[in-house]
1. Scan the strands (runs of 3 or more DSSP E) fully inside the range 94-183 and keep the ones with 2 or more residues being surrounded by fewer than 11 Cβ atoms within 10 Å (Cβ to Cβ) and modelled with pLDDT under 55.
2. Could you list all residues from the range 61-90 that are part of a loop (DSSP other than H, G, I, E, B) and either at pLDDT 95 or above or polar (S, T, N, Q) (or both)?
3. From Asp102, Asp83, grab the single residue that is charged (D, E, K, R) and under 18 Å from Gln46 (Cα atoms).
4. Checking Ala41 against (1) assigned to a loop (DSSP other than H, G, I, E, B); (2) modelled with pLDDT under 95, which single condition isn't satisfied?
5. So which of Asn2, Asn84 is surrounded by 12 or more Cβ atoms within 10 Å (Cβ to Cβ) and in contact with a Pro (Cβ under 7 Å, 6 or more places away or on another chain)?
6. Tally up the residues in the range 1-51 that are of a type in the set (Gly, Ala, Ser) and over 19 Å from the mean Cα position of the chain (by Cα), please.
Amino acid sequence: MNRVIRMRVMVDHDEVIFRDLEMPCSANFSELHDLIQEAFAFDNAQMASFYVSNEEWEKGQEFTLMDMGEKNEKDEPILLMHDNLLKDVIFESGQKLIYVFDFFLMWCFYIDVVEIKNLEDTVILPRIAQSFGEAPDQYSKSPEISFEIEDDLREDDDDDRDEFDEMFDILSFNDDFPDERDL
């Protein structure tokens with residue numbers, strides 16, 4: 001018998017689109033990442049992270065695809081997907097994870113652990129147990145850019161320009177300063 005985690009992975013999209021995935025408890029987060037990529041027909045060419053979550057879908061501990069030498073907000077090292085097993089994080093049904101893929105387009109997937117069960121050894125795992133809805137095209141989404149930041153930058157630039165103009169007016173050459181020909 002294989003100990004298996006069945007989870008529902010729902011993509012943040014206008015339509016209801018989800019995949020039910022089954023993973024052996026002994027799999028690591030990198031293997032789950034690969035199965036999600038396959039289930040939604042994404043090309044796996046971007047960075048990704050898993051976050052342990054609570055009922056309110058708030059991000060907790062991060063498991064990232066690659067070591068970028070960073071630390072989280074609590075100044076703790078970020079854990080790597082391939083070094084961490086699902087069974088060390090997922091203990092019971094009802095647990096939640098968030099999976100973020102492509103930090104430019106910000107594909108967000110909500111993972112709900114449906115059950116942890118035993119399956120016969122003859123069942124091939126990992127597997128996509130159920131599909132609902134057509135997966136969105138990976139590049140159909142627009143980048144998430146905050147226009148507030150751009151507006152703030154423009155305002156800062158305008159403030160700098162005003163200060164520069166004031167300084168230039170003060171230092172501008174006028175009749176009070178001798179012309180170099182007069183020297």
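1. Working: elements: 96-101, 107-119, 127-132.
Where strands (runs of 3 or more DSSP E) fall fully within the range 94-183, none carries at least 2 residues being surrounded by fewer than 11 Cβ atoms within 10 Å (Cβ to Cβ) and modelled with pLDDT under 55.
2. If the condition is that a residue be part of a loop (DSSP other than H, G, I, E, B) and either at pLDDT 95 or above or polar (S, T, N, Q) (or both), then Asn72, Asn84, Val89, Ile90 are the ones that fit.
3. The conditions single out Asp102.
4. (2)
5. Asn2
6. Residues meeting the conditions: 2.
The values are calculated or read from the model by the stated rules, or taken from the named source; none is laboratory data. None of the values given here were measured: they were computed from a predicted structure. Cβ coordinates were reconstructed from backbone atoms using ideal geometry, including for glycine residues, and neighbour counts include every protein chain displayed.
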